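Here is the structure we will look at, set down as structure tokens.
The values are calculated or read from the model by the stated rules, or taken from the named source; none is laboratory data. Given the structure is predicted, the values throughout are model-derived calculations rather than measurements. Cβ coordinates were reconstructed from backbone atoms using ideal geometry, including for glycine residues, and neighbour counts include every protein chain displayed.
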Amino acid sequence: MIDAILPEYLVDILKKKLKYEYVYEIRIRSGLPVCINYGGKYYYLNPEGIGERDGGSIVTDRKMLEAIIYKAADYSMYAVNNQLKHSYITVKGGIRIGICGELVIEEDNIKSVKNFTSLIIRIPHEVIDCALSAYPFIAQDEMYNSLIISPPGGGKTTFLRDLSRLISEGKNILNTLIIDERYEIASCYNGLPQLNVGEFTDVISNCSKRYGFEQGIRAMKPDIIITDELANQSDLEAVMYAAGCGVKIIASVHAYDHLDLRNKPGFEDIIKKRLFERFVVLSNRRGPGTYEGIYDSNFNNMYIP
Amino acid sequence: MWIKIVGFLLATSAGAFLGYRQSQRYKKREKLLSETVRLCDSMINDITYFQPSLSQMLKSRLNTFPMLSTVLEQYIALIDNKSIVDRNTLRTHIQKGQMNEDEYMLLIQLLDILGKSDSSTQCSGILSLKEAFLIKQKTAIEECKKYGGLYFKLGVLGGLAAGVIIL
């Protein structure tokens, strides 16, 4: 939890001077004021709560930054080094810490990160039933391969997590496998999901999509695979492999909307092949998770708010 | 006369006890260093193959290394309280026990590097300190052989001498 990683005085401000449930992000940069995303807007953190740039903001140094990272890693950097190489650490309670620093490279491989310069602490917020409106179109009576589309911060991961929970609670028992490459969906800590992803859900964390799809299908025989952020050709190939195995896929991707998707390398082919049968477009126009439309494979909007 | 005999016996046993205590110090030091070397090995093994959290790893070793258990408990308490663990903190909170200053500094160095780097750097750091502890252990074994028995004998002899004087 946040108490275990941040210095006491920062926790006091966040919990006593502010409403903690509105704290989405804490950005800490060495030698610069601490910023927080509070209810969707960025503010400077000061001893009285939040304020403007010149309002006596709290400034941190590198030593504090390192202390936060060591605490977040349970003083076991070796145990989180694989995550650290991908610039993040997941801690108890599903909190994710994105880390910037200097990469240590040996023989073209990233070995570790040193001289930390800044970090972003992202506090997950489960939004129960945020996927409920889309559920009947995606999974209620029949399962459809679905792609969740939104720009960063649009609520894709929260949506996927809730959808996984809804599928588990559905009338048919379906086994879901979450391939959680960056611990974002289930936020496993010591192997246990920290967020509610449903009872019939298995999670493989910290693996590539290719490995997750191939080995996950063989090992767990899932009905549905849920994964986050399809980004490159290898991810798309893994998805096509799974679809060819008869497993339903629910994935997300960064794009403005379904039309913007065509501009992403590799996706035009996937759209032509009609691999995905539903496209859920989210935005943060009225806050993260705003539904912009649910489209079928012909891009007809099925969703009327 | 009885008082003198009792005095003789008391002086002899006190001398023997002091000598025994001194010789035990050498034995304990040797044991402590040998446990430290074994702890290094077991940590390298755990970090290479299982990568548990530092606290979990050390807690699971408390019974295996009884001579080090106090040191380990003190260290676990530090990290569990999420304190900033640097050399100064370690020197304040970790007992020196039977170790001499050099050995104690090595132990502080070992505890100071724990958990602060990736597994390969961590293992090579532990390995190099283990080598240093091995040298100290050899010295401790030699000193234990040389002085351990000697101090006991000296204690008994000293006690006897004092007893004779009393008689």
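Quick check: anything in segment B:64-75 in a helix (DSSP H, G or I), within 14 Å of chain A (Cβ to nearest Cβ) and of a type outside the set (Asp, Glu)?
yes
Where residues in segment A:81-103 are outside any helix (DSSP H, G or I) and among the charged types (D, E, K, R), which of them is nearest to A:Val113 (Cα to Cα)?
To start, the set of residues in segment A:81-103 that are outside any helix (DSSP H, G or I) comprises A:86-91, A:95-103.
Subsequent filtering for residues that are among the charged types (D, E, K, R) retains A:96, A:102.
Details: A:Arg96: 16, A:Glu102: 5 Å.
This residue is A:Glu102.
Restricting attention to segment A:3-14, does a residue exist that is within 14 Å of chain B (Cβ to nearest Cβ), acidic (Asp, Glu) and either buried (at least 17 other Cβ atoms within 10 Å of the Cβ) or in contact with a strand residue (DSSP E or B) (Cβ under 6 Å, 6 or more places away or on another chain) (or both)?
So far as segment A:3-14 goes, no, none of its residues is within 14 Å of chain B (Cβ to nearest Cβ), acidic (Asp, Glu) and either buried (at least 17 other Cβ atoms within 10 Å of the Cβ) or in contact with a strand residue (DSSP E or B) (Cβ under 6 Å, 6 or more places away or on another chain) (or both).
Let me confirm something: among B:Lys31, B:Lys27, which residue is surrounded by fewer than 17 Cβ atoms within 10 Å (Cβ to Cβ), more than 14 Å from every other protein chain (Cβ to nearest Cβ) and either touching a residue at least 24 places away in the same chain (Cβ under 8 Å) or not hydrophobic (A, V, I, L, M, F, W, C) (or both)?
Testing whether each residue is surrounded by fewer than 17 Cβ atoms within 10 Å (Cβ to Cβ), more than 14 Å from every other protein chain (Cβ to nearest Cβ) and either touching a residue at least 24 places away in the same chain (Cβ under 8 Å) or not hydrophobic (A, V, I, L, M, F, W, C) (or both) leaves just B:Lys27.
Residue-by-condition table, conditions (1) of a type in the set (Phe, Trp, Tyr); (2) outside the structural domain of A:Gly39 (by TED's automatic domain parsing); (3) under 24 Å from A:Ile167 (Cβ atoms); (4) part of a loop (DSSP other than H, G, I, E, B):
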residue	(1), (2), (3), (4)
A:Phe213	yes, yes, yes, no
A:Ile217	no, yes, yes, no
A:Ile226	no, yes, yes, no
A:Ala238	no, yes, yes, no
A:Ala242	no, yes, yes, no
A:Ala251	no, yes, yes, no
A:His258	no, yes, yes, yes
A:Val281	no, yes, yes, no
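Only one residue in A:Ile167, A:Ile148, A:Ile89 is within 19 Å of the chain's Cα centre (by Cα) and modelled with pLDDT of 95 or more. Which one?
Within the list A:Ile167, A:Ile148, A:Ile89, the selection yields A:Ile148.
Restricting attention to segment A:27-40, and to residues there that are hydrophobic (A, V, I, L, M, F, W, C) and over 14 Å from A:Gly51 (Cα atoms), which single residue is farthest from the chain's Cα centre (by Cα)?
A:Leu32
State the number of residues belonging to segment A:110-125 that are in contact with a Leu (Cβ under 7 Å, 6 or more places away or on another chain) and crowded, with 16+ Cβ neighbours inside 10 Å. Talk me through it step by step, then tell me what you get.
First, pick out the residues of segment A:110-125 that are in contact with a Leu (Cβ under 7 Å, 6 or more places away or on another chain): A:110, A:112-113, A:116, A:119, A:124.
Retained after the next criterion (residues that are crowded, with 16+ Cβ neighbours inside 10 Å): A:112-113, A:116, A:119, A:124.
The qualifying residues number 5.
Provide a single number: the residues in segment A:46-64 that are within 20 Å of A:Cys100 (Cα to Cα) and more than 12 Å from chain B (Cβ to nearest Cβ).
Residues that pass the stated criteria total 5.
In this structure, is B:Asp46 of a type in the set (D, E, K, R), part of a helix (DSSP H, G or I), farther than 30 Å from B:Gly159 by Cβ and within 14 Å of chain A (Cβ to nearest Cβ)?
Considered against the rule, which asks whether it is of a type in the set (D, E, K, R), part of a helix (DSSP H, G or I), farther than 30 Å from B:Gly159 by Cβ and within 14 Å of chain A (Cβ to nearest Cβ), B:Asp46 comes out as yes.
Mind counting the residues in segment A:73-122 that are in contact (Cβ under 8 Å) with a residue 40 or more places away in the chain, under 24 Å from B:Ile44 (Cβ atoms) and more than 10 Å from chain B (Cβ to nearest Cβ)?
Of the residues in that region, 1 qualify.
Residues are listed down the side, and each one gets a yes or a no for (1) within 26 Å of A:Val80 (Cα to Cα); (2) crowded, with 17+ Cβ neighbours inside 10 Å; (3) free of Cβ contacts under 8 Å to residues at least 12 places away in the same chain; (4) of a type in the set (Ser, Thr, Tyr):
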site	(1), (2), (3), (4)
B:Glu35	no, yes, no, no
B:Arg38	yes, no, no, no
B:Leu58	yes, yes, no, no
B:Gln74	yes, no, no, no
B:Val85	yes, yes, no, no
B:Thr92	no, no, yes, yes
B:Gln95	no, no, no, no
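Restricting the first residue to segment B:104-119 and requiring it to be within 14 Å of chain A (Cβ to nearest Cβ) and over 17 Å from B:Asp41 (Cα atoms), which pairs with a second residue that is at pLDDT 95 or above and crowded, with 18+ Cβ neighbours inside 10 Å meet a Cβ separation below 6 Å and a spacing of at least six or different chains?
Qualifying pairs under 6 Å: none.
Which condition number does A:Ser76 fail, the rest of (1) surrounded by fewer than 14 Cβ atoms within 10 Å (Cβ to Cβ); (2) of a type outside the set (Val, Ile, Thr); (3) within 29 Å of B:Leu58 (Cβ to Cβ) being met?
Among (1) surrounded by fewer than 14 Cβ atoms within 10 Å (Cβ to Cβ); (2) of a type outside the set (Val, Ile, Thr); (3) within 29 Å of B:Leu58 (Cβ to Cβ), the lone unmet condition for A:Ser76 is (1).
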